[in-house]
1. Just one of [x] 0.98; [y] 1.10; [z] 0.89 is Cα Rg over 2.2 N^0.38 Å as worked out from the coordinates here. Which one is it?
2. Report relative contact order for the chain in percent, whole number only (criteria: Cα-Cα under 8 Å, sequence separation at least 6).
3. Of the residues ALA150, ALA216, ALA135, which exhibits the maximal mean-square fluctuation in a Gaussian network model of the chain defined by a 10 Å Cα contact cut-off?
4. Just to be sure I understand: with springs between alpha-carbon atoms less than 10 Å apart, which residue in LEU188, LEU18, LEU131 has the highest mean-square fluctuation in the Gaussian network model of the chain?
5. Near GLU223, within a Cβ-to-Cβ distance under 10 Å, what is the net charge of the other residues, with Lys and Arg +1 and Asp and Glu -1?
6. Using a cut-off of 29 Å between alpha-carbon atoms, which lysines can reach LYS3, once sequence neighbours fewer than 8 places away in the same chain are excluded?
7. Applying a 10 Å radius around every beta-carbon, put 68-77, 225-234 in order of their mean neighbour count, most first.
Amino acid sequence: MNKPDTFAIATPSYAGDLQRCVLLCASIDRFVTGHAMHYLLIEDRDAELFRHLEGPRRRIIVESELLPRWLSSWSDPLSLGRRRIWTSPGALARGVPPLRGWHAQQLRKMALPRHVPEDVLLFADSDVIFLKPFAMGLLCGPQGTRLFRAPGAIDAGMAEHVQWHRTTVAMIDRPMPELPAPDYVTHLASWRSANALALTAHIEAVTGRDWVSAVARHRRFSEYIIYGRFIDAVLTPEQSGHAMVDWGLARSFWSQADIATHGLHSLQDQLGQGQVAVGVQSFLGEPIEKLRLIFETLAATSRPASA
C-alpha cells in the first residue's frame, strides 16, 4: 500500500512584504489544516525580521541554504541602496545577468524540494490571504494532485507570458506550444516534490549546466510555467501524478482595473466555487490595514480550523 502524501506550504518573502506575510500566516493558522510545515523562504539579511513567526509548524529557511554561494545579494548602487541585486563575479562568469528579488524568490521555490521531506508543496506568496477553511489533503484526489492549467489562456498579445514559454522551451528541449498556449501561473500553486527534482535534473541534462545558472541566465522566466510545461511536455500528467484543473484555489487580483471593477470590500463574496483564498498583488499598493480588517472581520465570525 502506498503511504499517504505529506504536505507543506512554502512562502518566499522579504522585508518589504513582512506585514503581508504576517497576515498570510495568521490566515493559515486560522483556516488551513493538514500540513506538516509552513516554510518561509527568506533572504539571510531579513531572517531575523521574520523570526517571531516561527513555531511548531512554521520555520524559516534562509536563502543561503537553498541557492549556491555565487548567487548572493548586494545593495544596488543605481537605486541608492533602496533595492537589492543578486550577482557576483561567479554569476557573471556563468552568464547569469544581475537579478532582482522576484527572480531569487522563484529560484528559492525551485530549490526547496531538495531540502524538505514533504511530498506535495503548496506555494503561497505573501500577498495571499486564506478566507475559508481548507484541508491540504484536498489537493490530491483520485486522478492525482491538482495542477493549475488554463488551456489557451496565453495569446500572442501577452508578450511576457510568451517569452516565459520560449525560455522554458530552451531549457526542457521541447517544441514551443502553439498559440494560444496554456497558462500555469496562479496563486496557490501545488507541485509534487519528486517532479520538481526531476525537472531540475532534466534541465541540467539538457543544458549541460547546473540548473540555477541554466534558468537564471535567461532572466525572463516563470517558475510555474517551467514546471507546468515540464509536466505537460516531458512527464505527461499521467506519469507525474497530477490532475489538470482550469480554476485556481484563490481569487486573484492582478491589476488596479480588477480592483476598481470588483472592489475589495466583500472579498469572501467574490470567491468562486472551491476557492478559499484571495491573492492581491503587493505591487498594487492596497493598504495592508484594509486587507487585515477584512481578514479579522471574517476570522471573528468563522470557526477556526481544527488541528
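1. Label of the calculated value: [x].
2. On the way: 513 pairs, mean separation 66.1, N = 307.
RCO, the chain: 22 percent.
3. ALA135
4. Fluctuation is largest for LEU18.
5. Numbers: positive: ARG108, LYS109; negative: none.
My count for the surroundings of GLU223 gives +2.
6. Straight-distance partners of LYS3: LYS109, LYS132.
7. Numbers: 68-77: 15.4, 225-234: 21.9.
Top of the packing list down: 225-234, 68-77.
Just so you know, all these numbers are worked out from the coordinates, no wet-lab data involved. Given the structure is predicted, the values throughout are model-derived calculations rather than measurements. In this analysis, Cβ positions are derived from the backbone assuming ideal geometry, glycine residues included, and neighbour counts consider all displayed protein chains.
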